[in-house]
Amino acid sequence: MDLGRLACKNCTRLKVKCDKKIPCSRCTRTGHECLPREALNTRRRPLRRQSHTPWVNQDAERTPEDGLPPPVAAVSGQGRQKLPASAWELTQDVTLDQQLVNFHVRHLTWYHNVLHAPTFLEDCEAYWTESYVKQPLWMALYLAILSTSAWTLENSTEYRDSRGIDSAILVGLAEKYYNAMIESLYAADFATNHSIYSIQAVLVSTMVAHCLGRSDQLYTMLSSCTRIAQCLGLHKIAVKEQDSSMDFDQWTSAMDSEVGKRIYWKLVECDYYAIPYTNTYGMD
């Protein structure tokens, strides 16, 4: 396994971009000790470079003889947990995943604006190359991204054709991703194990949940996420003046605070737009 392909431990902890050298340029510049990060899953999954997803029209249950390793394991604060089988199976076509993620980052993030794209892309790269998932609930966010991109591309004929994506692949795929996202949230017990990833996943899925006829489910999830956000203290993040001379750690802290503020304001926005449908509001 090539550990140089993963970000170092310090950059991973700070959730910032790493040039993946040992020592990396950030640690060298800030004087931190630079240590390589070991991938959680030491068996590398086979990269499927086909332009199709073989499980879209396959109802048979997979067996060990199919050549797929067991679901990736991830570590959270509560210990070792497994991802649902649906999440694992739906993310085996790396080429398709990369197309959907890149499409979302370039064309759809403006809608929700609740994630730091460079950090998310680095996490995706770790998953694509080493099957590394740093937290089970991150997979829910990943699947929400795939779901919204799949639905948008299915209904964007010109762009889809310009990228050579077979329309047959996308039929019903957005709903499969969405269902796997919901399974991932409950498999990791999101209501107990509070994480920003859960909130980000639900907020991103607002782009597709209504189109899939899941509005009631979405409003219930948004209410849960509002409470999770408050438990995490996102509603108390203070507005601070930014100093252009701040060091690396201060910049990282400012970035995390900005993401947290944007997440909470997106929850406020969703609560406001739900008033005509629910005849009430859920946030004070």
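Before we move on, is ASN193 out of contact with any Asp or Glu (no Cβ under 6 Å at 6 or more places or on another chain), polar (S, T, N, Q) and on the phi > 0 side of the Ramachandran plot? It is false that ASN193 is out of contact with any Asp or Glu (no Cβ under 6 Å at 6 or more places or on another chain), polar (S, T, N, Q) and on the phi > 0 side of the Ramachandran plot. The set of residues in the range 168-178 that are surrounded by fewer than 18 Cβ atoms within 10 Å (Cβ to Cβ) and either in a helix (DSSP H, G or I) or hydrophobic (A, V, I, L, M, F, W, C) (or both) comprises ALA168, VAL171, GLU175.
In the range 230-245, the residues that are in the same structural domain as TYR264 (by TED's automatic domain parsing) reach residues that are of a type in the set (D, E, K, R) and modelled with pLDDT of 90 or more with C-beta atoms within less than 7 angstrom, at least six apart or across chains, in these pairs: ILE237/LYS261. Applying the condition of being without any contact (Cβ under 8 Å) to a residue 60 or more places away in the chain and among the aromatic types (Phe, Trp, Tyr) to the range 179-206 and asking which residue is nearest to THR226 (Cα to Cα) yields PHE190. When you check VAL259 against the structure, is it surrounded by 14 or more Cβ atoms within 10 Å (Cβ to Cβ) and either assigned by TED's automatic domain parsing to the domain that holds SER184 or not in a loop (DSSP other than H, G, I, E, B) (or both), yes or no? Yes. Just to be sure I understand, how many residues within the range 80-132 are over 21 Å from ALA7 (Cα atoms), in contact (Cβ under 8 Å) with a residue 24 or more places away in the chain and of a type outside the set (Gly, Ala, Ser)? The qualifying residues number 21.
Determine which member of the set ILE237, ILE275 is over 20 Å from SER149 (Cβ atoms), surrounded by 15 or more Cβ atoms within 10 Å (Cβ to Cβ) and among the β-branched types (Val, Ile, Thr). Walk me through how you get there before you give the answer.
Values: ILE275 fails: surrounded by 15 or more Cβ atoms within 10 Å (Cβ to Cβ).
On inspection, the qualifying residue turns out to be ILE237.
Which one of these is among the polar types (S, T, N, Q), at pLDDT below 90 and at positive phi: SER131, SER167? Step by step, each of SER131, SER167 is checked, and only SER131 is among the polar types (S, T, N, Q), at pLDDT below 90 and at positive phi.
Of everything in the range 135-167 that's part of a helix (DSSP H, G or I) and in contact (Cβ under 8 Å) with a residue 60 or more places away in the chain, which residue is surrounded by the fewest Cβ atoms within 10 Å (Cβ to Cβ)? Give the derivation first.
Taking the range 135-167 as the starting set, the residues that turn out to be part of a helix (DSSP H, G or I) are 138-154, 157-162, 167.
Still in the list and also in contact (Cβ under 8 Å) with a residue 60 or more places away in the chain: 138-141, 144, 147-148, 151.
Values: TRP138: 25, MET139: 28, ALA140: 32, LEU141: 28, ALA144: 30, SER147: 29, THR148: 26, TRP151: 21.
The selected residue is TRP151.
Being closer than 25 Å to LEU222 by Cβ, modelled with pLDDT of 90 or more and surrounded by 23 or more Cβ atoms within 10 Å (Cβ to Cβ), is that true of even one residue in the range 101-112? Yes, that holds for at least one residue.
Based on this model, can you work out whether ASP97 counts as more than 16 Å from TYR178 (Cβ to Cβ) and either at pLDDT 90 or above or of a type in the set (Lys, Arg) (or both)? Steps first, please.
Working: more than 16 Å from TYR178 (Cβ to Cβ): no; either at pLDDT 90 or above or of a type in the set (Lys, Arg) (or both): yes.
When the stated conditions are applied, ASP97 does not pass them.
For THR91, are the conditions met, namely being assigned to a helix (DSSP H, G or I) and modelled with pLDDT of 85 or more? First the steps, then the outcome.
On the way: assigned to a helix (DSSP H, G or I): no; modelled with pLDDT of 85 or more: yes.
No.
The values are calculated or read from the model by the stated rules, or taken from the named source; none is laboratory data. Treat the numbers as computed from the prediction; the structure is a model and nothing was measured. Backbone-built Cβ (ideal geometry, glycine too); neighbour counts: all protein chains shown.
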